[in-house]
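The values are calculated or read from the model by the stated rules, or taken from the named source; none is laboratory data. Here the structure is a predicted model, which means the values were calculated and not measured. Glycine gets a Cβ as well: all are built from the backbone with ideal geometry, and neighbour counts include every protein chain shown. Quick note on the areas: whole protein, heavy atoms, side chains included, nothing else; ligands and nucleic acids left out. Shrake-Rupley method; radii C 1.70, N 1.55, O 1.52, S 1.80 Å.
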Amino acid sequence: VPEFRKDPVTGRWVIIAAHRDARPNQFPQRPAVASTTACPFCAETMLTPPMVASYGAHESRPWQVCVVPNLYPILSDGDAFVVAPDATGLYETATSVGMHEVVIEAPTHMTSMSQLTAEQTRLMLAAYRDRMQVMRDTPAIVCAMPIKNVGPDAGASLAHSHSQIVGLPFVPPYVEAELAGAARFLKSHRECVFCSLIREELRADRRTVARTEDFLAWCPFASRFSLEVWIAPRDHQSRFETSDDLLLEKLGRLLQRILRKIESHPRITAYNYYFHSTPFDSDRDDHYHWHIEIIPRIAKAAGVEWGTGVHINSVTPEQAAIELRAQT
Ligand SMILES: [Zn+2]
Ligand SMILES: [Zn+2]
Ligand SMILES: [Zn+2]
């Protein structure tokens, strides 16, 4: 069973999940031996716990997109987040209560989101929304996040197009830092910082990758990663899980357009994305604005990044926007 451990100096939680070492890997190891076992996410050879949701059933096929519990979860069922100190008082652990699910984005072996149909992309986003609603209604969970890892350098172990949704019993540090910054900005400027940023990016138009009636995709001013792209609704919206079907359809079209640019860029072989949305334990909807952060994994984080937390980015966000706009 995975376990949360709290760092006694910083108070940062770490998930210790030794069982995940046994996960199958479809990517060649060193020395190169490609996995020859059947794909656990293809409908015909599926090897997962039973589905918790499925979408897009037709006469000819039982599903287009489905959701299953992660076979190697980093979080497990439980009613409450209980933190227990040990006898020394130094070391605190907690049960790894939460949810860890996998969204399988196609019944046949697709290895990239670019290959998904518009319908599959829309259904994938509907799965994110619906499962976040389930997590919101689960008492122990306060923050849920859809996450995608593409390519072994971004931490993926299976090539079949999929994403994960994690539901955590606390607000993780990155979201907490964004929430605190957004609260400070609201106090001094009386406006949501994201709304303010989006308005300025649209006006200046120096880092825009794409804009639609409803969304902006741009390279953030202080991007940590080369060719990093964020997507956010242009109107103030604090919670992704309240999105309606029409908005998801529009988001799906834009997300796929941006990911095609990312996937076809000659320097990008791996990337992650994740959704940030207002935590469930907050009743405030005025300052945090849901958004997607897409981070290409071109350079490996090195000593400076690990030691200082300061990222070094070798492509200016302005140049990144030019390159990504040109990329089809
Ligand atoms: Zn497959
Ligand atoms: Zn806003
Ligand atoms: Zn964020």
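Note on the stretch 248-276: among residues that are among the polar types (S, T, N, Q) and in contact with a Ser or Thr (Cβ under 8 Å, 6 or more places away or on another chain), the one that is nearest to V175 (Cα to Cα) is Q256. Report whether or not P107 is without any contact (Cβ under 8 Å) to a residue 60 or more places away in the chain and either under 22 Å from K250 (Cα atoms) or of a type outside the set (F, W, Y) (or both). Answer is no for this residue.
Looking at L75, is it farther than 23 Å from F170 by Cβ and of a type in the set (A, V, I, L, M, F, W, C)? Judged against the criteria, L75 is not a match.
Please work out if A87 is in a loop (DSSP other than H, G, I, E, B) and at pLDDT 95 or above. Here the answer is no, as A87 does not meet what is asked. Within the option set I292, I258, being away from ligand 1 (no atom under 16 Å from the Cβ), within 17 Å of L216 (Cβ to Cβ) and either without any contact (Cβ under 8 Å) to a residue 24 or more places away in the chain or assigned to a helix (DSSP H, G or I) (or both) holds for one residue only, I258.
Among residues belonging to the stretch 119-148 that are of a type in the set (D, E, K, R) and in a helix (DSSP H, G or I), point out the one that is surrounded by the fewest Cβ atoms within 10 Å (Cβ to Cβ). My answer is E119. Annotation: of all residues in the stretch 73-84 being of a type in the set (V, I, T) and in a loop (DSSP other than H, G, I, E, B), the one that is farthest from the chain's Cα centre (by Cα) is V82.
Determine whether I295 is under 15 Å from F225 (Cβ atoms), in contact with an Asp or Glu (Cβ under 7 Å, 6 or more places away or on another chain), at pLDDT 95 or above and of a type in the set (V, I, T). Yes, satisfied. Condition first: buried (at least 21 other Cβ atoms within 10 Å of the Cβ) and within 22 Å of A177 (Cβ to Cβ). Can you find one or more residues in the stretch 249-270 that meet it? No, there is no match, as no residue in the stretch 249-270 is buried (at least 21 other Cβ atoms within 10 Å of the Cβ) and within 22 Å of A177 (Cβ to Cβ). Candidates S163, S188: the one that is open to solvent by 50 Å² or more (accessible area, probe 1.4 Å) and either within 18 Å of A53 (Cβ to Cβ) or modelled with pLDDT of 95 or more (or both) is S188.
For the stretch 196-211, does any single residue satisfy the condition of being free of Cβ contacts under 8 Å to residues at least 40 places away in the same chain, under 21 Å from Q327 (Cα atoms) and surrounded by 17 or more Cβ atoms within 10 Å (Cβ to Cβ)? Yes, the stretch 196-211 has at least one match. Just one of the numbered conditions (1) open to solvent by less than 40 Å² (accessible area, probe 1.4 Å); (2) within 13 Å of ligand 2 (Cβ to nearest atom) is not true of R284: (1). Looking at the stretch 51-72, can you tell me whether even one residue there is in contact with a strand residue (DSSP E or B) (Cβ under 8 Å, 6 or more places away or on another chain), of a type in the set (D, E) and part of a loop (DSSP other than H, G, I, E, B)? For the stretch 51-72, residues in contact with a strand residue (DSSP E or B) (Cβ under 8 Å, 6 or more places away or on another chain), of a type in the set (D, E) and part of a loop (DSSP other than H, G, I, E, B): absent.
Step by step: first the residues of the stretch 261-281, then only those that are of a type in the set (G, A, S) and assigned to a loop (DSSP other than H, G, I, E, B), then the one that is farthest from ligand 2 (Cβ to nearest atom). Which residue is that? Top of the filtered list is A270.
Against the conditions (1) more than 16 Å from ligand 3 (Cβ to nearest atom); (2) within 25 Å of T117 (Cβ to Cβ); (3) of a type outside the set (S, T, Y); (4) within 15 Å of the chain's Cα centre (by Cα), F240 satisfies every one except (1). With respect to L247, is the statement that it is within 16 Å of ligand 2 (Cβ to nearest atom), closer than 27 Å to G167 by Cα and assigned to a strand (DSSP E or B) true? No, not satisfied. Listed by first and then second residue, the pairs linking a residue in the stretch 5-28 that is free of Cβ contacts under 8 Å to residues at least 40 places away in the same chain to a residue that is in a loop (DSSP other than H, G, I, E, B) and hydrophobic (A, V, I, L, M, F, W, C), with Cβ atoms under 7 Å apart and 6 or more places separating them unless they lie on different chains, are P28/A34.
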